[in-house]
Amino acid sequence: MAKNNKKIESEITKIAKKLNIFTIQDIEVLLEKPAIEIIPIVESLVKQKIIKKDNNSYIYIQAENIFPLQQTETKPTKQKYNYNREYKDRLPLKTLPFKPEKPKEIYFRHINEMEGFKEYFFSPQPRKDYVKNIMRILKAAHNLRGKKLENFLKENNMTVSKYKKLKLDIALRGLRPLLNKKLNPQEPAEIYYFFKEYYLSPVRLSAKDSRELAIQRFERLTNMNICRDHIRQSKYMLAILQTEYSKEDIEKYRNPNFSEFDVENMFHE
């Protein structure tokens with residue numbers, strides 16, 4: 001499957017170079033493949049900055065000329081003092097064949113790098129809000145000490161002992177201590193947002209294909225596999241969408257708009 005995707009990616013790149021500006025429909029016609037196979041690869045090319053999206057079209061990004069770097073004379077590096085050589089006859093034991101690593105401070109930067117990330121995404125919104133609030137408190141309190149720490153935690157309804165316990169628990173087990181195991185998994189809201197984006201486009205994807213593409217996009221963003229059984233079926237997503245948008249609006253978004261097309265300058269000489 002991956003090998004086939006690489007082949008399609010290569011073919012789309014060649015087409016992009018030739019056409020410069022193109023649409024999903026152009027690729028469908030030229031490759032004789034359905035949009036559901038083409039769209040994830042096109043999105044990958046956008047992420048790689050090989051092409052860029054412009055409304056409902058895509059533009060090939062020309063490779064910039066890279067000038068060769070000027071050759072500079074390399075200065076001889078100063079030889080470090082070799083303690084092993086100086087003391088080789090005095091040391092009773094051989095020195096270890098490795099150098100110890102310098103200590104590194106660990107930063108918790110991104111939530112998707114922490115244990116329990118998948119469970120977090122499938123938790124109800126109130127539980128997500130609780131986790132976000134805890135992480136905000138831990139961030140704000142990190143450099144506080146003494147009375148300043150106590151006062152800050154008191155303002156946020158947290159004791160010092162609970163603060164210390166949370167830091168230790170999260171360091172050891174990630175987000176899991178903050179999540180309620182008894183709660184049933186819920187569908188991440190992002191998937192429905194992606195579904196709407198795919199369905200309400202001139203590509204005119206089916207609800208089923210829009211759902212599948214939305215799940216695939218979520219998997220790429222979160223770097224985790226999603227069980228399809230936890231995600232609502234396309235007919236339910238479509239039913240909700242139809243309560244948010246009128247039939248006229250749905251047709252408007254699912255049809256290309258030519259009203260702004262610059263016909264006057266189309267054949268400008």
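When averaged across all projection directions, what area in nm² does the alpha-carbon convex hull of the range 117-265 cover?
On the way: hull surface 57.1 nm².
That works out to 14.3 nm², a quarter of the Cα hull's surface.
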Under a point spin-label approximation (7 Å from Cα along Cα-to-Cβ), what is the ASN157-LYS52 distance to one decimal in nm? 4.7 nm
In order over the range 235-241: 3J(HN,Hα) from phi, Karplus 6.51/-1.76/1.60, θ = phi - 60°, whole Hz, x for each Gly or Pro, gives 5, 6, 4, 5, 4, 5, 4
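Run through the range 164-265 and list the chymotrypsin sites (Phe, Trp or Tyr not before Pro) located in a DSSP loop whose Cβ has at most 12 other Cβ atoms within 10 Å. Don't skip to the answer; put the middle values down first.
On the way: sites: TYR192, TYR193, PHE194, PHE195, TYR198, TYR199, PHE218, TYR236, TYR245, TYR253, PHE258, PHE261; in loops: TYR245, PHE258, PHE261.
Loop-located and lightly packed - PHE258, PHE261.
Calculate, for THR243 and TYR130, the FRET efficiency according to 1/(1 + (r/R0)^6) with r their C-beta to C-beta distance and R0 30 Å; round to the nearest 0.05.
On the way: r = 29 Å, r/R0 = 0.97.
FRET efficiency, THR243 to TYR130: 0.55.
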Can you work out the Karplus-derived ³J(HN,Hα) for every residue in the range 152-163? Use 6.51 cos²θ - 1.76 cosθ + 1.60 with θ = phi - 60°, whole Hz, and x for glycine or proline. 5, 5, 4, 5, 9, 6, 9, 8, 5, 5, 5, 4
Residues whose built amide H sits under 5 Å from the amide H of ILE51, excluding neighbours closer than 5 in sequence, are VAL46, ILE61
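Please work out how much length the chain gains when fully extended from GLU260 to GLU37, using 0.36 nm per residue of separation minus the C-alpha to C-alpha distance, in nm with one decimal. List each step's numbers first, then the result.
Details: separation 223, 0.36 × 223 = 80.28 nm, distance 2.97 nm.
Working it through step by step, the gained length comes to 77.3 nm.
Quick one: of LYS47/LYS235; LYS18/LYS53; LYS53/LYS118; LYS6/LYS118, which pairs are farther than 26 Å apart, Cα to Cα?
Values: LYS47/LYS235 30 Å; LYS18/LYS53 17 Å; LYS53/LYS118 30 Å; LYS6/LYS118 28 Å.
Over 26 Å Cα-Cα: LYS47/LYS235; LYS53/LYS118; LYS6/LYS118.
Please give the contour-minus-distance gain from LYS164 to ILE15: 0.36 nm per residue of separation, less the Cα-Cα distance, rounded to one decimal in nm. Please list the in-between numbers first.
Numbers: separation 149, 0.36 × 149 = 53.64 nm, distance 5.73 nm.
Length gained between LYS164 and ILE15: 47.9 nm.
Suppose every K and R has +1 on its Cβ and every D and E has -1 on its Cβ; what is the size of the dipole of the range 118-162 about the Cα centre, in Debye to the nearest 20? Please report the intermediate quantities before stating the final value.
Details: 11 positive and 4 negative charges, 24 e Å.
Value, rounded to 20: 120 debye.
How long is the gain from ASP229 to LEU138 if the chain were fully straight, where each residue apart is worth 0.36 nm and the alpha carbon distance is subtracted?
On the way: separation 91, 0.36 × 91 = 32.76 nm, distance 3.48 nm.
Working it through step by step, the gained length comes to 29.3 nm.
Computed from the coordinates by the stated procedures, all read-outs in this text should not be read as laboratory data. What you are looking at is a predicted structure, and each value in this text was computed from that prediction instead of being measured. Positions of Cβ are backbone-derived with ideal geometry, glycine not excepted, and every protein chain shown enters the neighbour counts.
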